[in-house]
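The next block holds one structure in the form of structure tokens; read it before the comments.
Bear in mind these aren't lab numbers, they're just calculated from the coordinates by the rules spelled out. Just so it is clear, the structure is predicted and the values come from calculations on it, not from any experiment. Neighbour counts are summed over all protein chains in view; Cβ atoms, including those assigned to glycine, are modelled from backbone coordinates with ideal geometry.
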Amino acid sequence: MSLSKYRAMWLVAMFDLPVKTKPARKAYTQFRKTLLRRGFTMLQYSVYARYCTSEEASNVHRHHLSKILPNAGQVRFMAITDRQFGKMQVFYGKKRVPTEQTPDQMLLF
């Protein structure tokens, strides 16, 4: 059974965090490591995305991350459907490459 590409979401986290002081670098590192532990993948520097099976699931991750935001800098979260994410065009130089694939999901009954 496949999930609807209109129901499944990608939660994108984009951030600009200061790194000029040791405490600021530590906050940046902790935030980035938390993203990775929560299943986010780096798309570009300071742009991470995570596949979620529903908007409700993306809200859970957004809520958790909003509790551990660094004191300085800017963080943005954006949820887009799997269908919209799949229409993204990615280029390395002038060569187009495929977008990240939807991860395999384990279904529990």
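In table form, for the structure just shown:
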read-out: Helix axis angle, 22-37 relative to the chain longest principal axis, alpha carbon, degrees; value: 20 degrees
read-out: Convex hull volume per residue in cubic angstrom - Cα atoms of segment 9-97; value: 97 Å³
read-out: Considering only segment 9-97, percent of DSSP beta bridges that pair antiparallel, nearest 5; value: 100 percent
read-out: Rel. contact order, % - alpha carbon contacts under 8 angstrom, at least six apart, the chain; value: 38 percent
read-out: Cα centre as origin, Lys/Arg/Asp/Glu Cβ charges: the chain dipole, Debye; value: 500 debye
read-out: Helix axis angle, 55-66 relative to the chain longest principal axis, alpha carbon, degrees; value: 10 degrees
read-out: Listed residues V19, P103, F31: farthest to the positive end of the dipole of the chain (Cβ charges); value: V19
read-out: Gained length - Q89 relative to A57, 0.36 nm times residue gap less alpha-carbon distance; value: 9.0 nm
read-out: MRE, 222 nm, helices only [DSSP H, n ≥ 4, -39500 (n - 2.57), over the chain, to nearest 500]; value: -9000 deg cm²/dmol
